[in-house]
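Working notes for the structure below.
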């Protein structure tokens, strides 16, 4: 498993998903279940990637919990991605300093 | 029909500016995950997608297998297939296959949103112009983020481990607040993923497959229980 291999796999699959329908298909998907499934899938994937992994992402679970709480509140307030991510990092950093 | 290159460039500038901060965070997170600067930049230049790239670096960091990476990219980016199908209706019939191959590289949530809400059909020159600023913004932000990441002391870099998850929360929480089905899908996905982590019988399944299984299960359940007739997203 090397880095170039990973990048090729990622880029290849991502491009394939984007290009095949645009080049090949001429019909719209109308099936409501299929459409809903496509709509929900990013959230489902991101949710299962975030939990419980976020608890083990830093030096200790205490600092991770502090970061998680901070990020959750800021995200709930609809702050931008950069704001949420960077303030969570600052909180983790400060907690680990204690 | 909308088909002026500079019209596209103009429409793309706000997207490009927005991408700067997201890809800056990606650059930081990639370096924090142990990915070299050059690889972070190449990933951004060849993938041009946020969720897929973030998932990719966390799987690379966990030395996942190629099949896992491929399947997870497929699942995460499946929504692009839907957009691609939809754009195939929106793009003028006169756009040839070669142009379609080029246009499809730039299908992102935002580019799709802008192009698909144009009045009438859109042409290849407009699409090319539209993709320009987002692509440059995405690449430049990654360069800046990755370089900034390497300049930080190790104590700060350890705190950056949370950055990627902070981003994920910023992506998933606002829609979950507004839509019960999205909230439900998230809860199922989180519960499923925690089961795999903490139930000894399931603990042997690798992280990549857990994401794929839980993602398909939660989104499938959501689609069956809450099929949405017209999605506005």
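Over chain B, calculate the relative contact order: mean separation of alpha carbon pairs under 8 Å at least 6 apart, over the residue count, as a percent. For chain B, the relative contact order is 36 percent.
For chain B, the longest principal axis of the alpha carbon atoms and the long axis of helix B:207-225 meet at an angle near 60°. Relative to the dominant Cα principal axis of chain A, helix A:3-24 is inclined by about 40°. All Cα-Cα distances of the stretch B:40-125, cut into 5 Å bins from zero to the largest, leave 3, 12, 23, 21, 15, 12, 8, 4, 2, 0 percent in each bin in turn. Of the residues B:27, B:204, B:222, the one that moves most in a GNM of chain B with alpha-carbon contacts below 10 Å is B:204. One quarter of the convex hull surface built on the alpha carbon atoms of the stretch B:5-159 amounts to 9.5 nm², the projected area averaged over directions.
Counting only Cα atoms, I'd like the Rg/Rh figure for the protein assembly as shown, Kirkwood definition for Rh.
On the way: Rg = 19.3 Å, Rh = 20.1 Å.
My calculation puts Rg/Rh at 0.96.
Dividing the summed -39500 (n - 2.57) terms of all DSSP H runs of n ≥ 4 by the residue count of chain B sets its mean residue ellipticity at 222 nm at -25500 deg cm²/dmol. Remark: the Cα gyration tensor places the stretch A:3-97 in the prolate category, a/c being 1.5 or greater and a/b exceeding b/c.
Is the shape of the stretch B:91-230 rounded, prolate or oblate, going by the alpha carbon gyration tensor and its root eigenvalues a ≥ b ≥ c, with a/c under 1.5 for rounded and a/b larger than b/c for prolate? Show your work: numbers first, answer last.
Details: a/c = 2.29, a/b = 1.29, b/c = 1.77.
Cα axes put the stretch B:91-230 in the oblate bin.
Look at where the Cα atoms of the stretch B:120-180 and of the stretch B:34-90 average out, and the two centres are 13 Å apart. Using only Cα atoms, find the angle between the long axis of helix B:5-32 and the longest principal axis of chain B, and express it within 0 to 90 degrees, rounded to the nearest 10. Value to nearest ten degrees: 10. Name the residues of the stretch B:54-76 whose amide N is less than 16 Å from a point 7 angstrom out from the Cα of residue A:33 along the C-beta direction? No residue passes the distance filter. In the elastic network of chain A, a GNM with C-alpha springs shorter than 10 Å, the most mobile of A:16, A:67, A:59 is A:16.
Measuring nothing but how far apart in sequence close Cα pairs (under 8 Å, 6+ apart) lie, relative to its length, chain A scores a relative contact order of 20 percent.
The numbers here are math on the coordinates, done by the rules we state, and not lab data. As the structure is a prediction and not an experimental result, all values here were calculated from the model. Cβ atoms come from the backbone with ideal geometry, glycine included; neighbour counts cover every protein chain shown.
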